[in-house]
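J.: Below you will find the structure I want to go over with you.
The values are calculated or read from the model by the stated rules, or taken from the named source; none is laboratory data. Computed from a predicted structure; not experimentally measured. In this analysis, Cβ positions are derived from the backbone assuming ideal geometry, glycine residues included, and neighbour counts consider all displayed protein chains. We work out accessible area using only protein heavy atoms, side chains counted, and drop any ligands, DNA or RNA first. Shrake-Rupley method; radii C 1.70, N 1.55, O 1.52, S 1.80 Å.
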Amino acid sequence: MSHEADIHAELYRHVQNAIDDGFRPHGVNYTNATNEVNVSNGYADLVVEVDNEPFLVVEAKRDPVSNPSRDINPYSPEVVEQASSYAFKLGAPYFATYNGKRCVVYNTWERKRLMERKSRAYKVDSVPEFAQDLLSEVAGLESNNVDWDPSDEAFITRLDTFHTRLQSEFLDSLHQRLTNDEDFEKKYLRWVADQGWSERFDESEARVHNDFTAQSAYLLMNKLVFYKTLENADAYEPPEIELESLVDPGTRRAVFDELMDKIDFEAIYEQDEIFDSLPLTNTAQLEVQELLTELDDYDLDQLGGGDVIGDIYEGIIPEEERHELGQYYTPEPVTELITNLVVRSPDDTVLDPSVGSGGFLLAAYDQLKRLKEAMSLPATHQGLLNQMYGVDINRFPAHLSALNLALKDLSSETTDTGVIVEDFFNIRPGDERLAEAESAGTEGSGETFDIPRKVNAIIGNPPYIENDEIAEDVNCRGHMDRVGADLNRDSDIYSYFFTHSTEFLEEGGRLGFITSNKWLAIRYGVGLKQFLRENYRIKAVVKPQKRVFKGQLVPTCITILEKDKNPTRRDETVTKFMLVRERLNPEKIINILETDHDADILYEEDGFRLATKKQRDLDPEQKWTRYLFAPSEFWTLYNHSKMAKLKTISEDIGRGIGDTTGADHYFYLDEEEMEEWNIEDRFSPKAAKSITQFDGLEFNSQDSEIHYLDLYNFAEDYLHSDKSPPSEYREEVQRAEQEYINTLDDDEETPPHLSETEITVMAGLKDEGYPRTYEYLIWGVKEGVHTGKQCARRKYWFAVDDIPTTQLVAPKNIRGRPFFPTLTEPMPLGNTLYRVNLKNDEYRPVIAGFLNSNVGKMFFELQGTSVRGGLVELRSYELKDFSVIDPDELTNDEQQRIEEAFEEVKNVDVHEDEAPEKMLELDRAVLAPFGLEEKAEKIMEIATSLSQSRQLEQEFEVPVASDGEGGQGQIQDLSGSERIDGQVGLDQY
Ligand SMILES: C[S@@+](CC[C@H](N)C(=O)[O-])C[C@H]1O[C@@H](n2cnc3c(N)ncnc32)[C@H](O)[C@@H]1O
């Protein structure tokens, strides 16, 4: 690490260079920079001049000589005081403290205490860039083009700095303890194992040490900050704390025990043996002392009621770690929106089953208070807290919510915050064990609290943990029978938060969650959709188009439900699907959602779009994302009488996956393998194995370089001919099998033997004069291909099945833009392709034309399922229900136009966007029968952007409808029936 002198010399050089290069940001005329300027009581490290007058003083002081390896703390009162005094004496209006990594700028004339001073903090990655930034930022402050950091942000930065520095001291303490204290080492390793981090530890001890000390430093910091807050608050009189007693973990414990005794707040001061076991180094003591002094003057109350503690936590605990716990803290507009829709009466009891840092309960606190005040009911701090319950599996976040809730009102004492540390799936309403659960509340009296049997409102942001990452000991399916739910086994964890919460909710009570929006579209959501339909009135699904969380990984939606036993009322509920394109404005959204609307309308304007459906028409099997995303043209077509489901005009649909070999590497051979084995032509036809083989829309054997081992017909014929191959050939086959068995280890089970039939047919191949194919099968047996699960199950391990002819091919999944090739001769299909055989082959060009037009591509994107890796999958039920144009409903001219347009595009390269004009003509031809010809360009754009956003795994930006039919500001009919009269005035928004 460089010396103090080097640090400011480097900054000086780059500042001077920028000034020499004529850098004059915001019209501020920088004239010079000087290194080491003599001031009456010492030397200022760097002085920057404007119009030849001192303007900015930078102090790059380092720590005491006793510990030269540490950076200075840019917030250290000593350093700030020194820099401020130089600037004052020189008459420079700004000064900054700087340690090579961080820099904080202050105003010289604001002679306030440190924590109250305006400041602006920077992290420095590259000094040359920072030199310019510094000049530009200070000039911006001077010309009012740059603002000082908001006070809470400055406070968080200050705490973040403290945390970083304390953590680095704790790392030293940790290393020392691990080296000198075997008992401690054992405890530490046990803790690592308990976290499930043993593997991580093996990979990188340093990373685990780092995470551990980050948490230790964080916990101690919380304790100190909270202590100071209480000290300043009227309702409390905490005993005094001496720095010396904090140094040693033992005496520190005694201090916190005393605090707990006197003022409760068990959640914060509770013993956490392993985290509390690091002594404070000398430097750490200095840091703590400085922080305590600064906090003397700081009023945490002034930070407003927001989730400051959550912000601090987000800033400090590494993102990856938070992700593992599914911890993302919910932004205020979301908590406010959900809470205000769900908590509706001043007496409501409220539960957040995954409370995190308590964002939702904070919003509920405000909402209950408002509701009470509006009715002139008393609203005491503890009274409000008594109506709220929170659960979190993790001590950290639960700790934060207890803190946040207590901070809501520091003028009254908090005795209990109703937050418990438990796995939500381990508790039941009124459960006995609940009373024993470790409390993160603040009661010190030993009293326990119960979640009542039922609450009126459930709100929250359940963790997003994928099905295969759900911890083994989380019993998320245990409640299924009790609530009559049957969720698919591959559901992600948030689905179970819906069902389990239902146990806790009063009839008529509401539930509002923000979760991943996967359940709306993906197969596993069917069970959940069914459950919601049978237990709730589904009031609204709101989808913020913009990501609402920092670091958010999955697209989300907000669901608002009302528990209702009455099936008629449920069926008659008009569900609102709202896509919000702008920043969430809770009030506006609530207004729209709380107004009555008729069912089956689609309304759009710049900021949002709204589609409504009667709950009874919401089919759990279908993708509800369509109501959010599908453009109005989709609905016009989807409901049109000239459309049909693919299954009604085809037979034998989807059977293509039947060509399952069980050993693709053996049954498919490329040209090189064919050269090596030289299998007789009769048994090695060309095959269509996967969609990647197709370049054009028409395909035949000439286009393929892949062969397929096809022995089914031979085998059947040979067997029925009653021929009998010579016994020496049969023995040869058996010897090959024995050779394979000999390769097995003693403890491996002997696989089932080749059947007599198989031996006969194999030997028959040689006898009939097909030695090449025979050799290939012998090799297969020696390699044990015949013992594979699927092969062993078949009549002949080497013969898959008869190969039906096919006309149209549909991909099971595709990464690029979707397309549907046609085969001009029968070919075996690989198991990533489906067969589509139309009842009437004459319709093939029309159907292929529709499917390969941009309309077909749009339907593929909206009817298929997006899966990880940017692919779109078409499941077999989706293929069967695929909407296509119905040739029977078209005039001859209409059919002919589509056929001709398709003829023009079928040879273009499907991977290139070739011939857009010809494609557009196909689109027009397909749209003409619906009177939508002029929408061709728009649909092309939508299909392209749907596909692009899916490939990039980004959310699809639904284009705002322009004017005209179904356009902006107009209401469109979603039902396919006649327009409904008397629409409730949506245009008021
Ligand atoms: C997305 S965060 C909630 C954020 C919170 N609503 C807020 O705004 O602060 C999800 C929380 O669920 C917790 N969690 C994960 N699994 C849980 C379980 N089985 N029971 C209860 N809480 C759980 C995590 O510890 C995390 O704090």
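J.: From the P(r) of the range 511-613, can you give the percent of Cα pairs sitting at distances over 20 Å?
T.: Of all Cα-Cα distances in the range 511-613, 40 percent exceed 20 Å.
J.: If you count, for each residue, the other Cβ atoms within 10 Å and average over each peptide, how do 775-786, 929-940 line up from highest to lowest?
T.: Per-residue Cβ counts within 10 Å, averaged per peptide and sorted highest first, yield 775-786, 929-940.
J.: Something else now. If you filter the range 101-175 for chymotrypsin sites (Phe, Trp or Tyr not before Pro), then keep DSSP loop positions with at most 12 other Cβ within 10 Å, what is left?
T.: Those satisfying the criteria are TRP109.
J.: Over the range 520-657, give the accessible area per residue in Å² for a 1.4 Å probe, as an integer.
T.: On a per-residue basis, the range 520-657 sits at 35 Å².
J.: Follow-up question, since we're still on this one. With +1 on the Cβ of every Lys and Arg and -1 on the Cβ of every Asp and Glu, and nothing else charged, how large is the dipole of the range 758-899 about its Cα centre, in debye rounded to the nearest 20?
T.: 840
J.: Here's another thing I want to ask about it. Which shape class applies to the range 4-149: rounded if a/c is under 1.5, otherwise prolate when a/b exceeds b/c and oblate if not, where a ≥ b ≥ c are the square roots of the Cα gyration tensor eigenvalues?
T.: rounded
J.: Next question. For the ranges 479-486, 353-360, 598-605, 462-469, what's the packing order if you count other beta-carbon atoms within 10 Å of each residue, average per peptide, and put the highest first?
T.: Those peptides, ordered most packed to least, come out 353-360, 598-605, 462-469, 479-486.
J.: Sticking with this structure for a sec: Quick one: give the max-minus-min coordinate of the C-alpha atoms of the range 135-262 along each principal axis, largest first, in Å.
T.: Cα spread of the range 135-262 along its principal axes, largest to smallest: 59, 43, 25 Å.
J.: Then there's this: Sort 513-520, 280-287, 240-247 for me by packing, meaning the mean count of neighbouring Cβ atoms within 10 Å per residue, highest on top.
T.: Result, highest mean first: 513-520, 280-287, 240-247.
J.: Moving on to the next point. Ordering VAL15, VAL908 by accessible area with a probe of 1.4 Å, largest first, what comes out?
T.: Descending accessible area places them as VAL908, VAL15.
J.: Listed here are the pairs LYS839/LYS935; LYS812/LYS935; LYS529/LYS565; LYS689/LYS857; LYS576/LYS614; which of them are more than 20 Å apart at the Cα?
T.: Beyond 20 Å between Cα atoms: LYS839/LYS935; LYS812/LYS935; LYS689/LYS857.
J.: Suppose R0 equals 25 Å. What FRET efficiency, 1/(1 + (r/R0)^6) with r the Cβ-Cβ distance, do GLN132 and GLU110 give to the nearest 0.05?
T.: 0.50
J.: Using a simple charge model, +1 on the beta-carbon of Lys and Arg, -1 on the beta-carbon of Asp and Glu, nothing else, what dipole does the range 4-149 show about its Cα centre, in debye to the nearest 20?
T.: Here the range 4-149 has a charge dipole of around 480 debye.
J.: Tally up the carbon and sulfur contribution to the accessible surface of the range 77-150 as a whole percent, 1.4 Å probe, everything protein left in place.
T.: C and S atoms contribute 42 percent here.
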